[in-house]
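Asker: Please see the structure below; I have some questions.
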Amino acid sequence: MGSHSIVIHINGEDHPVTIRSADTLLFVIRSRLGLTGAKPGCLNGDCGACTVNVDGWPMKSCLMLAVEAEGKKITSIEGLKDAPIQKAFVENFAFQCGYCTPGFIMNCHSLIEKHPEADDQKIKEWLRSNICRCTGYAEIEKAVKSLLKKK
């Protein structure tokens, strides 16, 4: 396996990196770029702890090869910088141990951006992509609903 030099655009900055063809985006952003907010969980796309936003959509970074990220706009939890969803999570006690929280926040941030008038069904559908072992999802749903446009 050879190495490739690419530029990853993450959190508004370009980062030239040398990667192997098999390197996942999760591995590169954590090990090469030092952005450790996206967490390794299952490493097979089931838990969502590694969720980042790619061109505005939630993506499990353990499933995306780093080479696929070139030319994309990536945002990690470190790039949100006091986004309303972060405050809503705190105000609604939407986390317990916190391990899954960055992934949930990234997913919920995209949900609010893409579906500002989401109903209960849409919220539940989006939250299914992430797993929390500590809480029942009521507080997370409440945090999301606190930011949605009222009909």
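The values are calculated or read from the model by the stated rules, or taken from the named source; none is laboratory data. None of these values were measured; they are calculated from a predicted model. FYI the Cβ positions are ideal-geometry reconstructions off the backbone, even for glycines, and counts take in every protein chain you see. We work out accessible area using only protein heavy atoms, side chains counted, and drop any ligands, DNA or RNA first. Shrake-Rupley method; radii C 1.70, N 1.55, O 1.52, S 1.80 Å.
Asker: When every alpha-carbon pair in the stretch 12-151 is counted, what percent end up more than 18 Å apart?
Answerer: 52
Asker: Could you tally the net charge around residue 31, taking each other residue with its Cβ under 14 Å from the Cβ of residue 31, Lys/Arg +1 and Asp/Glu -1?
Answerer: For residues surrounding residue 31, the net value is +3.
Asker: Residue 70 to residue 122: extension gain in nm, 0.36 nm per residue of separation minus the Cα-Cα distance?
Answerer: Value of the extension gain: 15.7 nm.
Asker: Apply the Karplus curve 6.51 cos²θ - 1.76 cosθ + 1.60, θ = phi - 60°, to the phi angles in the stretch 66-77 and return the couplings in whole Hz, x for Gly and Pro.
Answerer: Calculated HN-Hα couplings, in order: 4, 4, 6, 7, 4, x, 9, 9, 10, 10, 9, 4 Hz.
Asker: Order the following by accessible area, largest value first: 60, 145. Probe radius 1.4 Å; ligands, DNA and RNA are ignored.
Answerer: Listed by decreasing accessible area, they come as 145, 60.
Asker: Using +1 at the Cβ of each Lys and Arg and -1 at the Cβ of each Asp and Glu in the chain, identify which of 53, 74, 146 lies farthest towards the dipole's positive end.
Answerer: Selected residue: 146.
Asker: So what J values fall out for the stretch 38-47 if you push phi through Karplus, 6.51 cos²θ - 1.76 cosθ + 1.60 with θ = phi - 60°, rounded to Hz, Gly and Pro as x?
Answerer: Result, ordered by residue: 6, 9, x, x, 7, 6, 9, x, 8, 9 Hz.
Asker: Ratio of Rg to Rh for the stretch 1-60, alpha carbon only, Kirkwood?
Answerer: Computed over Cα atoms, the ratio is 0.96.
Asker: Still on this structure: When the accessible area of the stretch 10-103 is split by element with a 1.4 Å probe, what percent falls to carbon and sulfur?
Answerer: It is 55 percent, rounded to a whole number.
Asker: Remind me, relative contact order of the chain in percent, using alpha carbon pairs under 8 angstrom and six or more residues apart?
Answerer: Over the chain, the number comes to 24 percent.
Asker: Right, another one. Which value, in Å² rounded to 10, gives the accessible area of residue 93 with a 1.4 Å probe and all protein chains present?
Answerer: Only protein atoms counted, so the area is about 150 Å².
Asker: Gain in length, residue 21 to residue 135, computed as 0.36 nm per residue apart minus the alpha-carbon separation, to one decimal in nm?
Answerer: Fully extending the segment from residue 21 to residue 135 adds 37.3 nm.
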